[in-house]
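The values are calculated or read from the model by the stated rules, or taken from the named source; none is laboratory data. Keep in mind that what you see is a predicted model, and the values were worked out from it rather than measured. Cβ placement follows ideal geometry from the backbone for every residue including glycine, while neighbour counts extend to all protein chains displayed. To get the accessible areas, we keep the full protein, side chains included, count just its heavy atoms, and leave off ligands, DNA and RNA. Shrake-Rupley method; radii C 1.70, N 1.55, O 1.52, S 1.80 Å.
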Amino acid sequence: MNHHSEMIRQIIDTVENVVVGKREAVTLTITALLAGGHVLIEDVPGVGKTMLVRAIARATGLDFKRIQFTPDLLPSDVTGVSIYNQHTKEFEFRPGPVMSNILLADEVNRTSPKTQSALLEALEEGNVTVDGCTYQLFDPFFVMATQNPIEHGGTYPLPEAQLDRFLFRIQLGYPEWHEEIDMLDRMEHGHPVDQLTPVVEVEDIQRMKMEVKEVFVSDAVKQYIVAIVRETRNLDRVELGVSPRGSIALMRAAQAYAYIQGSSYVRPDDVKRVAPYTLGHRLVLEADVLGPKGQDDKMIQRMLTRISVPSTRKDIVT
Amino acid sequence: MLPLPEVTETGFVFMFLVVTAVFFLIQAIPMPLIVRFLLFVVTITYSLNVIFMPGTYVSIDWWSLFVTELWQETGLLFSGEWLQLGDLYRSFLMLLLLSMVSYLMFYWIVYAKRIFFFFVLTVIYIGALDAFTSFDGIGAIIRVVAIGFLLFSILHMSRFTFRYPNVRLRQWGRFLFVAVSVMTLSIAIGWQAPKYSQQWPDPLPVIEEAAGFGPEGWGSSGDDVRRIGYGDHDEQLGGGFEMDETEVFTARAETSGYWRGESKHEYTGHGWESVESDETSERVFLYEDETRTRTSEAHVSFNEQFSGDLLFSQGALQAVAAENGEPYMLQVEGATGRSYANGEEGIARPDEVTLTYETAEFPVEIMQEADHPDYDREDPSDYHSYLQLPDDLPERVGQLAEEIVEDEENRYDRVRAIERFLTGPDFDYDTHDIPVPDEGEDYVDQFLFETQIGYCDNFSTSMAVMLRTLDIPTRWVKGFTPGEAGEVDENGYTEYEVTNSNAHSWVEVYFSDVGWVPFEPTPGFSNAAEYEMADFDEGEASEDPEFDQEFQQDMEDQVPDEEESEEVSASASEDDDDPSSFSFWWLGILGGVGLIFASVMAYRLRGKMITTWMRRRYQGMHDTSTYVRAYESLIWYLNWIGLKKAGNETPTEFAKRVDARFNTDEMRTLTNLYEDLYYGNHQLEHVPEGTQRRWLKLLDKISRNH
């Protein structure tokens, strides 16, 4: 157990060399990677979204590709295309950027719904279908989509059904005062991301992904997860609460988070930790709810204070 | 305000109450100041109108009259002639005062939300009324405490609501419920629990005396509660009395015995009537010639404040001499045995006298001959007055007496049987809450069959009346018990201090050839009269005067003090044996004190008790299931000391809080183990080494530092 948590610590430390002061976001990203989920980063441009993904890719030694979504991007630009080879007189598949371990989907809300759904099918199914042929994606396959929260003309906000394909939604936020100064120091002589070397093998990541599924979830914790998810359905000013898919996501996330902490079982603390990131974007707020983005996270956090944690034998409902 | 009629001669209390309520109402409704003022004026004048003047309120006549009166009386007020003030004006001032008080109260309660000051003042006021006037403050005190507590809790609550606006209403309901039940409980306990009697004499009589309008003489009658003392009015017996330690006389005497004042023989059904007689003699006749007597002397100095000329002497008084040498002759009223010193200027009592008296040894054998079936001697014919009984004496008194003496063959044994019966377990000695019989009720009948609780008058009168129903000539004797024995001087004279609380009554029974023999039916008292016996078969242990004296001291020690409460005596009366009922009483007190002490200790040491129990309960914490229980009980204990795990807190979060509070890391470690077992479903054979030690260490730390 300590072996893998040591490795994960190394990954996080390595990434932190580049992405200053974002340990939490880094940890959550690794969590999503190990849980087999994907991350939606919702933040303004320039806070280091790309850098975060690139650093993780470098530290884990995984293959990394990037798609800049634009309104004229076609689904085949994502998935790849079959080209007729005149020498062999056959159609040949030329894989698109989706054929990689880590995919950065920049400004995913800028492209047309058709292209979006091509990507999201890949997210959910783990494979792509081009011209009737299904191609298995790599393992691990990890998508990090970014979304600019500032409303712009010509954007296509992701539909609710597609939002919950993402395990986490994370906000990076601006760095602290001293962090920003620290960052400038590091950038003074070239970009440090180029100097990063992998600390783990791809096989390690694959093995860890398998082990995450072995993390034990007790009845008490399952009850806690269900209590949380059900409560979201009764929240004020929420049109639609979290679906059962959200319960599964929460459990997976908690398993991965517990795994990262070096534990063989899930504690309520793990659930509590990941719940806002897992559930926030799955809420559909009422149309007239105004206010800054991310207030759904805070709603979840407030809600957590009302849900009692099963912590004694008599708390377990049988 | 209810005590008002007691203190002043104020009528219309109800009216004043209504007006006060109206004042409060005016205060409570928001309105401009001028309107409020006008409303006050209208209320005051209108209520004056209702009380005093039949005329219509809305008329010019009334108002002009009112203003004139007001004007005149204000003049009187400022010229200081307060006694001249009329009722109307006094009521006017009263209403004015009430309006001000209502304003003040309202301000304090509603704005300042403080009532303690008023509460304390009210309690002091009622306490003072209770102490210094005839007003009985118990109801008022209970009322005030109840209302005061209620106000306290409501005000406290409203302050809290102000401070914590978020707390739900339901919790206030719970708060009020707890407050009210605590209040009810404490009032109920306070009301019912035995209380110490006052530690100093009731100031009222003292004040009255000092002020010069106290009751004349010693021992008053007519009031429900009297002070003990030697009085002259025995026509209406009954009622409780207060102890009074005022000295009556001090004496140096060779013998120890009751100080006889006089005897009475006319029983009315309510008390003993004095019968005037012109017959006088020069000495007290008590004993027949055959009775062996011994002459003794006593030097008596009377307290100057003790009025009256009556002399008190042990035995039969034979002669009196003033210590200052003035010649005095003894003058004795024939029927009652009242003795006076007759000097040159008529009857007067020198402050210090030497009394010569005879004490007798009563031959039990001879006494036992009287009324014996074989005995033919009759009582002197003029003794029929000692058999007098009222016509309306209930028959059951006689029947009871017959039953008691059924097996006795002679007069002496019968007298002893009655005496035994009265000193027996059926009756209790108490000086408080003794009723005065109603018009149609008989004093003796009430005592014997209804109350069965009383003091010497009850016992002695009952004995006398019962003996008379058996045709035994008996009279009722008043005087003092021997008093508190002091030093013994070189001549063998013992000094006795006799106070009002030594006042006593007993009976004398006539035996031919012997004379008048004293008997003592009151439990806890003993006459030191000598009964000479040929053998001890009787079981009467009264021959030795010294023994008697000691016995009496013992018994006096055991006579219940005035503190005795109703409940205790009620339960004591169920007891079989009189002395043991006293000890039962003490036992009750001791038990109660012990119980209170134990509860206080238990309360103070409750934390210690819990931890001790926990330590013992979870000794040998090896298997995981024991550990889980031990951990959960630790959580419970933390909760109990106020460190409550919030519902939304995970065990780890709680553990961090606990560790921060007690500056340890034990809770974290223990919680990890618990989580391993609870969330992790780890199967362990044994809990890790040192777990129990950690648990104990943490428990110690918590119990020491909380």
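Annotations
- Test: residue in the stretch B:636-655 that is in contact (Cβ under 8 Å) with a residue 40 or more places away in the chain, within 13 Å of another protein chain (Cβ to nearest Cβ), over 22 Å from A:V217 (Cβ atoms) and assigned to a helix (DSSP H, G or I): yes
- Yes/no for B:T423 being within 19 Å of B:T522 (Cβ to Cβ), of a type in the set (S, T, Y) and either surrounded by fewer than 17 Cβ atoms within 10 Å (Cβ to Cβ) or in the same structural domain as B:E508 (by TED's automatic domain parsing) (or both): yes
- Residue-level analysis places B:I610 among those that are away from chain A (no Cβ under 14 Å), touching a residue at least 24 places away in the same chain (Cβ under 8 Å) and either of a type in the set (V, I, T) or assigned to a loop (DSSP other than H, G, I, E, B) (or both).
- Matching entry among B:T624, B:T691, B:T664, B:T669 (being among the hydroxyl-bearing types (S, T, Y), away from chain A (no Cβ under 13 Å) and either in contact (Cβ under 8 Å) with a residue 60 or more places away in the chain or surrounded by fewer than 13 Cβ atoms within 10 Å (Cβ to Cβ) (or both)): B:T691
- Residue within the stretch B:450-462 that is in a loop (DSSP other than H, G, I, E, B), among the hydrophobic types (A, V, I, L, M, F, W, C), in the same structural domain as B:Y412 (by TED's automatic domain parsing) and under 21 Å from B:E395 (Cα atoms) present: no
- For B:K701, the conditions (1) in contact with a Ser or Thr (Cβ under 8 Å, 6 or more places away or on another chain); (2) within 14 Å of chain A (Cβ to nearest Cβ); (3) open to solvent by 20 Å² or more (accessible area, probe 1.4 Å) all hold with the exception of (2).
- Residue in the stretch B:335-347 that is aliphatic (A, V, I, L, M) and open to solvent by less than 40 Å² (accessible area, probe 1.4 Å) present: yes
- Across the stretch B:397-406, a minimum of one residue is classified as at negative phi and part of a loop (DSSP other than H, G, I, E, B).
- Meets criteria (open to solvent by 80 Å² or more (accessible area, probe 1.4 Å), at pLDDT 75 or above, of a type outside the set (D, E) and over 21 Å from B:F16 (Cα atoms)) for B:V58: no
- Hey, A:A227 within 24 Å of A:Y257 (Cα to Cα), in contact with an Asp or Glu (Cβ under 8 Å, 6 or more places away or on another chain) and either exposed (fewer than 15 other Cβ atoms within 10 Å of the Cβ) or not assigned by TED's automatic domain parsing to the domain that holds A:R54 (or both) or not: no
- Of the residues making up the stretch A:48-62, not a single one is in the same structural domain as A:V130 (by TED's automatic domain parsing), out of contact with any Gly (no Cβ under 7 Å at 6 or more places or on another chain) and exposed (fewer than 15 other Cβ atoms within 10 Å of the Cβ).
- Matching residues in the stretch B:672-686 - criterion: being within 12 Å of chain A (Cβ to nearest Cβ), out of contact with any Lys or Arg (no Cβ under 6 Å at 6 or more places or on another chain) and part of a loop (DSSP other than H, G, I, E, B): B:G680, B:N681, B:H682, B:Q683
- For beta carbons closer than 8 Å, sequence separation of 6+ or different chains, a first residue in the stretch A:202-225 that is part of a helix (DSSP H, G or I) and a second that is among the basic types (K, R) and open to solvent by 10 Å² or more (accessible area, probe 1.4 Å), the qualifying pairs are A:V212/A:R252; A:V221/A:R267.
- Residues within the stretch B:337-371 that are out of contact with any Gly (no Cβ under 9 Å at 6 or more places or on another chain) and under 20 Å from B:F480 (Cα atoms), tallied: 8
- Residue check for B:M601: modelled with pLDDT of 80 or more and either assigned by TED's automatic domain parsing to the domain that holds B:D426 or open to solvent by 50 Å² or more (accessible area, probe 1.4 Å) (or both): yes
- Residue list for the stretch B:447-484, filter: on the phi < 0 side of the Ramachandran plot and open to solvent by 40 Å² or more (accessible area, probe 1.4 Å): B:F449, B:E450, B:T451, B:E484
- 1 or more residues at pLDDT below 90 and within 14 Å of chain B (Cβ to nearest Cβ): qualifying helices (runs of 4 or more DSSP H) within the stretch A:239-315: A:295-304
- Looking only at the stretch A:115-132, and only at residues there that are more than 19 Å from the chain's Cα centre (by Cα) and of a type in the set (A, V, I, L, M), the one that is farthest from A:I248 (Cα to Cα): A:V130
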